[in-house]
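Q: I have a structure here, written as structure tokens, and I will follow up with some questions on it.
What follows draws every value from the coordinates through simple rules; no lab data is involved. What you see is a predicted model; the values in this text were computed from it and never measured. Heads up, the Cβs are rebuilt from the backbone with ideal geometry, glycines too, and the neighbour counts pull from every protein chain shown.
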Amino acid sequence: KSKPKDSTIENSLEPKNNRNIKTPETCIPPSSSFTSVYIKINDIIYFVNHVLSHSEIHTSINNIWTPDITFNFPIHKNFDKNKKGQTSKFQFNWLLRWLWLAYSEKEDGAFCKLCVALSKSEDGINSQKLGALVINKFDSWKHAIETFTKHDKLNYHIKSVIDTDIFLKTRNNPSISNENQLDTARSKQVNENRINILPIIEVIILCRRQKLEIRRHRDFGKINVDTIQNSKIIL
């Protein structure tokens, strides 16, 4: 029997780009015999449109495959209305300028690795629907700078940046949970409110001592903010 052609081997090894791929962990592992046809297991495309485990979220944020400065990015040829051709390609320096940016060798497209990892499907905020850079690749390189700059300001991207910071802090220090962080924030708010309310209380007490018409349930003695009742401010 004749041996299969190399192209047949390549086609059989290359993971299919469809929703049947459950997680990035199901991708083909490296093999010394087939390194020439091996598609990087941490290519960002394998994390897109998947429900990710905590370890996969961490990988997509910190250990995603990244091209080096010598990588030859494919050239796109674009034609304007006068049918004049212009070429464009992904620029390595974009990865240095936008640290959330990831490039997919398999798709020849760009993604926001933070939004891929932590933005839920249809999780757009203020009618900002997820699209290019999140659930679809972006490859219109001539509009790259304006698109990346705009993405930086989107509400769901800003939320992903905050969620990434919380996720990494929690992972690096398991004793810190979201609940603990909320408790810490609330304690800080309580302390700030107590400091801010003291001058107001002192003014009220002073007015009462001067017999001004400000009625309060208490106008003498030492101020103790812990005993103040019926206040809308958290004390």
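Q: Can you list residues from other chains, or at least 5 along the same chain, whose modelled amide H is less than 5 Å from the amide H of LEU130?
A: GLU122, ASP123, GLY124
Q: Over 19 Å between C-alpha atoms is what I'm after, so list which of LYS77/LYS142; LYS113/LYS153; LYS40/LYS169; LYS40/LYS129; LYS40/LYS150; LYS129/LYS159 land there.
A: Distance filter (> 19 Å) returns LYS40/LYS169; LYS40/LYS129; LYS40/LYS150.
Q: Starting from the 7 Å offset along Cα-to-Cβ, what nm value, one decimal, do you get for the label separation of ASN155 and THR170?
A: Output for this residue pair reads 2.2 nm.
Q: OK, next. Along region 92-99, what does the Karplus equation 6.51 cos²θ - 1.76 cosθ + 1.60 (θ = phi - 60°) give for ³J(HN,Hα), rounded to whole Hz, x for Gly and Pro?
A: 4, 5, 5, 5, 7, 7, 10, 5
Q: Spin-label point model (7 Å from Cα, Cβ direction): what's the ASP108 to GLU202 distance in nm?
A: In this crude label model, ASP108 to GLU202 measures out at 7.0 nm.
Q: Fully extended, how many nm does the chain gain between LEU99 and ASN49 (0.36 nm per residue separation, minus their Cα-Cα distance)?
A: 15.9 nm
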